[in-house]
1. Could you figure out which of (1) assigned to a loop (DSSP other than H, G, I, E, B); (2) in contact with a strand residue (DSSP E or B) (Cβ under 9 Å, 6 or more places away or on another chain); (3) more than 12 Å from residue 113 (Cβ to Cβ) isn't true of residue 29?
2. Residues to consider are 60, 70, 56; find the one that is within 28 Å of residue 102 (Cα to Cα), in contact with a helix residue (DSSP H, G or I) (Cβ under 6 Å, 6 or more places away or on another chain) and in contact (Cβ under 8 Å) with a residue 60 or more places away in the chain.
3. Taking the condition modelled with pLDDT of 95 or more and farther than 22 Å from residue 30 by Cα, does residue 236 pass?
4. Within the stretch 83-101, can one find any residue that is surrounded by 14 or more Cβ atoms within 10 Å (Cβ to Cβ), within 30 Å of residue 212 (Cα to Cα) and free of Cβ contacts under 8 Å to residues at least 24 places away in the same chain?
5. Tell me which residues, restricted to the stretch 209-252, are under 30 Å from residue 198 (Cα atoms) and surrounded by 12 or more Cβ atoms within 10 Å (Cβ to Cβ).
6. Say we look at the stretch 227-251 and pick out the residues that are without any contact (Cβ under 8 Å) to a residue 60 or more places away in the chain and in contact with a strand residue (DSSP E or B) (Cβ under 9 Å, 6 or more places away or on another chain); which of these is nearest to residue 186 (Cα to Cα)?
């Protein structure tokens, strides 16, 4: 039923888009459980509403703890109607210069943690034949950008997982949407970003201006988190939600350019593409 009260589970709810999503859902009358990392964040989150704001301390990359926490939420609160996989962070660095350990950590949080959350909520959603899983990806999950290869890789992975999962569960009454924001006014490019050091001068010309522009732009992005939150509410109320949703004019422009370039490459190399089947 449209506008019926839902139970949201939002990861990374203590700041940025996750906090904006939580505030909007609470204002709309929903019950919201947010995952946070610290006790002070838990208290601050629950202060948002006396009865409908709940918080749990959870590191999504501690995979063994995810399912017990979700089971406890379902027992103490309610079955989850909407999972918003928002927890994540950005990594900036030239691929050749960035330690492999930083790629592993990026995927542990942005991909494996999100999948652990999905696997934890699916049994109850499947039994109830209802639910909506919203995975927050990025425009960098559809268009590879220089200087954030690890981050883009993690978000490309989550886009693909979302699309495949959506086709697996759509006949079970469960919807899956990958939401790809552009640049929003959050701490993503500020204190929340991990930055690898520089060491190879060959990359200075391509990377240094990008790093400087990203730092200068932080706090001045065009995207409004409150408007992103309203878009999320519209999404979860939709009878036929999309598998992919872009948020922000910059995201739309970037993806449109990428799609046009891909179409040109497909056309230019069509003969080669068609030449590889058995005759």
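The values are calculated or read from the model by the stated rules, or taken from the named source; none is laboratory data. Because the structure is a prediction, the values reported are computed rather than measured. Cβ coordinates were reconstructed from backbone atoms using ideal geometry, including for glycine residues, and neighbour counts include every protein chain displayed.
1. (2)
2. Among 60, 70, 56, only 70 is within 28 Å of residue 102 (Cα to Cα), in contact with a helix residue (DSSP H, G or I) (Cβ under 6 Å, 6 or more places away or on another chain) and in contact (Cβ under 8 Å) with a residue 60 or more places away in the chain.
3. No, not satisfied.
4. No - not one qualifying residue is present in the stretch 83-101.
5. Answer for the stretch 209-252, where residues must be under 30 Å from residue 198 (Cα atoms) and surrounded by 12 or more Cβ atoms within 10 Å (Cβ to Cβ): 210, 211, 214, 215, 217, 218, 221, 222, 223, 250, 251.
6. Out of the qualifying residues, it is 227.
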